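The values are calculated or read from the model by the stated rules, or taken from the named source; none is laboratory data. This structure is a prediction, so every number in the text was calculated from the model and none was measured. Cβ atoms come from the backbone with ideal geometry, glycine included; neighbour counts cover every protein chain shown.
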Amino acid sequence: MNELQKFYPVTAQAKAHTFFDKPKYQELYQQSISNPDQFWAEQANEFLDWYKPFESVTNVDFHKADIEWFKGGQLNVSYNCIDRHLTERGEQTAIIFEGDEPSDTQNISYNELHEQVCKFANVLKQRGVKKGDTVCIYMPMIPEVGYAMLACARIGAVHSVVFGGFSTESIKARIQAADCKVVITADESVRGGKNIPLKANVDAAVTECPNVHSVIVVERTGADVAWNDETDVNYQQAMATVSSICEPEVMDAEDPLFILYTSGSTGAPKGVVHTCGGYLLYAAMTHKYVFDYRDGDIYWCTADAGWITGHSYIFYGPLANGATTLVFEGVPTYPDAGRCWDMVERHKINVFYTAPTAIRALMGIGDEYVLDKDLSSLRLLGSVGEPINPEAWHWYYEIVGKSNCPIVDTWWQTETGGILITSLPGSAGMKPGAAGLPFFGVQPVIVDKEGNEQDGEARGALVMKGSWPGQMRTLYGDHERFHQTYFSQCAGYYYTGDGAQRDKDGYYWILGRIDDVLNVSGHRLGTAEIESALVLHPKISEAAVVGYPHDIKGQGVYAYVTLMHDEVESEELIVELKALVAKELGSFSKPDLIQWAPGLPKTRSGKIMRRILRKIAENDLGTLGDTSTLADPSVVEDLIERRLLR
Ligand code: ATP
Ligand code: MG
């Protein structure tokens, strides 16, 4: 543990604001574990409106991979996110939209949201969409992506949102896998000043999707697009002709709400299925308590709707809580690297939630873009997606948060539906780089290779004992793979696939993917800790570590490092970096090989794809595995070119 990882007690500001101080958190956590049925029944009635009360709370058997929550209960997700708020907050802004150009902004009230969603639902009905049908959504980050999701939820259709940055092949595969008959898209999307031809990508995809009978096209840029009169529907024209009344469909708690693919960091993406009742409860409750959300707060999560973070923490969680949530179409570096901070200043953002990849990138560009903005509205900062390196944490905490905003490092997965581990603001101090403590009802366990539970301070595979309402129910069309992936490695537990360490205070530190954990001369080393040590160096902005076969040690440490803007490669720097890791973590962790990496291979959600880096390090270039979610293939070619072992 180094200087940067020292403990930060709860700030006075967080104490004054929080729902839970430490004793309250501990008490409620205990209740949630010792009497989960009562605990979750209370939460389900507090957070959601039900048409029909549930008859039981949980029916869970991890051995069979059978998971049910709130059996017998009936509700509608769009009703819970919109209609029930109308009497009290119809005029309140539900969505603040900001387009790619900073001047392009729009406020959408709950009343307007209601009207748009009802109309959109009627457009879908007009095209024959019924309860249980699957609908593919391939959209820019514009309000209509939210309308589309909620319109599906309103009529009981199951949406599958595909990130707008994916190409034809990925859309096609996802349309086919979920047997979608309708695709919702836009003519083009605009990101960082560049137009991306969404409709043309869909056109190319659906030539091999014979079951798609309708493509609904939102006009975003007004670009000329090819038109097929039989299948294509102009969204704006269709919306003008339909009624704005659409009764929500009564759904069972366990009816599917959506399918969503994982990021594909560790292999081919998995089609995760979430259901209506448990998912919405968990998204709403975690949104409120993790972000300390109060009425009137302006909340911004920078994720894309194509990822689970966008589902749970841009749309479903915030809207279920009647919040004001910001939808941003652009990128953090356009028109310049101050875009996020400019937006915080203009919209008076109180809660800001982003990913380490963005934090590291902005940190690498320099402080001047942050320091000239008024960020005094900020009260709380969040991080998600990867372990946040302590170096980046400090930049976020001090430069962005002015040492006054708690940071919630939130560990969770597409599969978990919502946040499972974090330090709840106000109830737990922060340790930079540690995800923190379990959320209510969540029981993390560390197991060894044989699957034995470890007590106290421990390192090993992170698994979950017992279920929580937001847990996925199956992989679409492949329950066997669901069982195999999550419940076969460690019988009776949910297997997360991540490695973790629990410290003496019960905080969880995510070490990286369990398959990436290195075994160097018998020492198990997490990728995250070595990477964090490397980025401590002021000249390094990002690092990725993998193992490679080593004659003596079994595995050697192979590090890829990205220099800060304006820094240059040198042999001395390599020596310094090795010494730095040895000093921080001991000589076992010292990289054997360090390769310069002007860019790292990342998924389109911004996560480092170490499995590709491992292949390059091992000089095993025959097959790089599933690269469909790789953001920029040229990065890989460049790294192959520069590889150290041949
Ligand atoms: P795939 O499952 O297809 O390989 P993925 O695991 O990257 O892709 P996601 O569901 O988007 O897909 O990401 C979940 C993973 O992201 C977690 O298992 C964990 O490894 C990592 N992660 C998310 N948040 C954090 C965090 N706060 N700290 C550390 N790791 C995190
Ligand atoms: Mg995963």
When you scan region 280-300, do you find a residue that is within 14 Å of VAL77 (Cβ to Cβ), more than 16 Å from ligand 2 (Cβ to nearest atom) and either polar (S, T, N, Q) or more than 17 Å from the chain's Cα centre (by Cα) (or both), even just one? yes
Picking from PRO335, PRO269, the residue that is out of contact with any helix residue (DSSP H, G or I) (no Cβ under 8 Å at 6 or more places or on another chain) and either in a helix (DSSP H, G or I) or within 16 Å of ligand 2 (Cβ to nearest atom) (or both) would be PRO269
Single residue of ALA253, ALA283 found to be within 16 Å of ligand 1 (Cβ to nearest atom), of a type in the set (A, V, I, L, M, F, W, C), crowded, with 24+ Cβ neighbours inside 10 Å and within 17 Å of TRP468 (Cα to Cα): ALA283
State which residue pairs qualify: first residue over 18 Å from TYR548 (Cα atoms) and inside region 498-518, second residue hydrophobic (A, V, I, L, M, F, W, C) and away from ligand 2 (no atom under 16 Å from the Cβ) in any location, beta carbons under 6 Å apart, and separation of 6 or more residues or different chains. GLN501/TRP509; ARG502/ILE446; ARG502/ALA458; TYR507/ALA434; TRP509/ALA434
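Just for region 379-399: of the residues that are aliphatic (A, V, I, L, M) and within 21 Å of the chain's Cα centre (by Cα), which one is nearest to ligand 1 (Cβ to nearest atom)? Break it down stepwise before answering.
Step one: of region 379-399, the residues aliphatic (A, V, I, L, M) are 380-381, 384, 388, 392, 399.
This time we only want the ones that are within 21 Å of the chain's Cα centre (by Cα), so: 380-381, 384, 388, 392.
Values: LEU380: 15, LEU381: 13, VAL384: 5, ILE388: 7, ALA392: 12 Å.
Checking each candidate, the answer is VAL384.
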Can you tell me which residues in region 82-91 are part of a loop (DSSP other than H, G, I, E, B) and surrounded by fewer than 17 Cβ atoms within 10 Å (Cβ to Cβ)? GLY90, GLU91
So if I check each of THR410, THR416, THR354, which one is over 17 Å from THR302 (Cα atoms) and within 16 Å of ligand 1 (Cβ to nearest atom)? THR416
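Kindly evaluate PRO335 against the criterion of being surrounded by fewer than 23 Cβ atoms within 10 Å (Cβ to Cβ) and more than 16 Å from ligand 1 (Cβ to nearest atom).
Working: surrounded by fewer than 23 Cβ atoms within 10 Å (Cβ to Cβ): yes; more than 16 Å from ligand 1 (Cβ to nearest atom): yes.
Spelling it out, PRO335 is indeed surrounded by fewer than 23 Cβ atoms within 10 Å (Cβ to Cβ) and more than 16 Å from ligand 1 (Cβ to nearest atom).
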For region 338-367, enumerate the residues that are among the aromatic types (Phe, Trp, Tyr) and surrounded by fewer than 24 Cβ atoms within 10 Å (Cβ to Cβ). TRP341, TYR353
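Go through region 477-498 and give me each residue that's of a type in the set (S, T, N, Q) and part of a loop (DSSP other than H, G, I, E, B). Please lay out each step first, then the result.
Of all residues in region 477-498, those of a type in the set (S, T, N, Q) come to 484-485, 488-489, 496.
Residues satisfying the conditions are SER488, GLN489.
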Within region 487-509, tally of residues that are within 16 Å of ligand 2 (Cβ to nearest atom) and either farther than 12 Å from VAL463 by Cα or small (Gly, Ala, Ser) (or both): 4
Just one of the numbered conditions (1) under 22 Å from the mean Cα position of the chain (by Cα); (2) closer than 30 Å to ILE612 by Cα; (3) not aliphatic (A, V, I, L, M) is not true of THR275; which one? (2)
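If you take the residues in region 395-441 that are in a strand (DSSP E or B) and closer than 15 Å to PRO469 by Cα, which one is farthest from ligand 2 (Cβ to nearest atom)? Let's see the steps before the verdict.
To start, the set of residues in region 395-441 that are in a strand (DSSP E or B) comprises 407-411, 421-422, 430, 436-438.
Next cut, closer than 15 Å to PRO469 by Cα only: 421, 438.
Details: ILE421: 15, PRO438: 19 Å.
The extreme case among them is PRO438.
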Filter the strands (runs of 3 or more DSSP E) completely within region 125-204 down to those with at least 2 residues that are surrounded by fewer than 17 Cβ atoms within 10 Å (Cβ to Cβ) and either of a type outside the set (Asp, Glu) or modelled with pLDDT under 95 (or both). 194-196
Condition test on GLY554, is it away from ligand 1 (no atom under 16 Å from the Cβ) and more than 23 Å from PRO356 (Cβ to Cβ)? yes
Kindly check whether there is at least one residue in region 212-219 that is within 16 Å of ligand 1 (Cβ to nearest atom) and modelled with pLDDT of 95 or more. no
So which residues in region 17-50 are among the hydrophobic types (A, V, I, L, M, F, W, C) and within 14 Å of GLY429 (Cα to Cα), if there are any at all? PHE20
Within region 608-634, track down each residue that is surrounded by fewer than 23 Cβ atoms within 10 Å (Cβ to Cβ), of a type in the set (D, E, K, R) and either modelled with pLDDT of 95 or more or under 21 Å from VAL557 (Cβ atoms) (or both). ARG611, ARG614, LYS615, GLU618, ASP620
Output the number of residues of region 59-76 satisfying the condition of being more than 16 Å from LEU257 (Cβ to Cβ) and surrounded by 20 or more Cβ atoms within 10 Å (Cβ to Cβ). 2
Residue check, LEU511 modelled with pLDDT under 95, surrounded by 21 or more Cβ atoms within 10 Å (Cβ to Cβ), among the aliphatic types (A, V, I, L, M) and within 12 Å of ligand 1 (Cβ to nearest atom): yes
Based on what the data block shows, is ASP49 part of a loop (DSSP other than H, G, I, E, B) and either modelled with pLDDT of 95 or more or buried (at least 16 other Cβ atoms within 10 Å of the Cβ) (or both)? yes
